[in-house]
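Engineer: Pasting a structure here, questions to come.
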Amino acid sequence: SQQGEEDPQALSIQEGENATMNCSYKTSINNLQWYRQNSGRGLVHLILIRSNEREKHSGRLRVTLDTSKKSSSLLITASRAADTASYFCATDRGSSGSARQLTFGSGTQLTVLP
Amino acid sequence: DGGITQSPKYLFRKEGQNVTLSCEQNLNHDAMYWYRQDPGQGLRLIYYSQIVNDFQKGDIAEGYSVSREKKESFPLTVTSAQKNPTAFYLCASSPSGVGETQYFGPGTRLLVL
């Protein structure tokens, strides 16, 4: 099974509202990353939060990490129609070169209605 | 322009045929990766390479092969042993290894005739 699981699977909001997506994982991690994917395109990196960090901001994005609950959230404030995309969390786990991989969740499909 | 490119955008495979997907980067990154994405799913790692002439299997390597003869290039061959190859294939790179931010190409969609 996948290490990271996003919730909800799909989210539909009005332009200007905030969007919150959650990611839960099972084993300890080195860092957690969020990526965005527009339909039929490659992924674009949004933000990386390390295991010793609790919150990080980048523009309209706010990411939190709770290692005790093994969960992270991505908040997009004042959403725009252009934010419509799939959002994936990816966890970096393991301690040796061959064991360390980025493991992706199945994503949240965000639709922002104009 | 710096970046990572994949070709072709669409690829059609006939029964029993091997096909090769191209991935090139000019970011001077050491590490490169191949992922498979099925509809509505996340990415699954096929192979990765942290250095030229070396590569490691990911979670779903069966039916695939790779080579890393040059730093810039990491082609993926989908062999006839891969019985369900229809998917979206994504190549990525990172500066020096796993766990870092990865930079993705635009993807290749493989369809079976």
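Taken together, the values in this text are just the output of simple stated rules run on the coordinates, not laboratory data. These figures come from a predicted structure and were not determined experimentally. Counting neighbours? That spans all protein chains shown, and the Cβs are built from the backbone with ideal geometry, glycine included.
Engineer: Skipping prolines and chain starts, which residues have an amide H placed within reach, meaning under 5 Å, of the one on B:SER67, given they are 5 or more residues away or on another chain?
Structural biologist: none
Engineer: Ok, one more. Which whole number gives the average count of other chain Cβ atoms within 10 Å of the Cβ atoms across peptide A:40-46?
Structural biologist: Across the residues of A:40-46, the mean count of other-chain Cβ atoms within 10 Å is 6.
Engineer: To the nearest whole number, what is the average tally of beta carbon atoms from other chains within 10 Å of the beta carbons of peptide B:37-45?
Structural biologist: 6
Engineer: Let me ask you something else. Which whole-number percent is the relative contact order of chain B (Cα, under 8 Å, 6+ apart)?
Structural biologist: 35 percent
Engineer: Starting from the amide H of A:GLN101, placed 1.01 Å from N in the peptide plane, find each other amide H under 5 Å away whose residue is 5 or more places distant or on another chain.
Structural biologist: Amide H to amide H, under 5 Å and 5 or more residues apart or across chains, A:GLN101 pairs with A:ARG93.
Engineer: If R₀ is 22 angstrom, what is the calculated FRET efficiency for the pair A:SER24 and A:GLU53, using the beta carbon separation as r and rounding to 0.05?
Structural biologist: For A:SER24 and A:GLU53, the calculated efficiency is 0.80.
Engineer: Under the definition of partner shielding as Cβ atoms of other protein chains within 10 Å of a residue Cβ, what is the mean value for peptide A:10-23?
Structural biologist: Mean partner-chain Cβ count within 10 Å for A:10-23: 0.
Engineer: Sticking with this one: Which peptide among B:99-107, A:48-56 comes first, and what is the full order, when sorted by highest mean count of other Cβ atoms within 10 Å?
Structural biologist: Final packing ranking: B:99-107, A:48-56.
Engineer: For the stretch B:33-39, in order, what is each residue's ³J(HN,Hα) by Karplus, 6.51 cos²θ - 1.76 cosθ + 1.60 with θ = phi - 60°, in whole Hz (x at glycine and Pro)?
Structural biologist: 9, 10, 10, 10, 10, 9, x
Engineer: If you don't mind, there's one more thing I want to ask. Applying 1/(1 + (r/R0)^6) with R0 = 41 Å to the Cβ-Cβ distance of B:SER80 and B:ASP30, what FRET efficiency is obtained, to the nearest 0.05?
Structural biologist: 0.85
Engineer: Taking 35 Å as R0, compute the FRET efficiency from the Cβ-Cβ separation of B:SER7 and A:THR111 and round it to 0.05.
Structural biologist: My answer for the efficiency is 0.70.
Engineer: Let me ask you something else. Quick one: compute the contact order of chain A, relative version, from alpha carbon pairs under 8 angstrom and 6+ residues apart, as a percent.
Structural biologist: 38 percent
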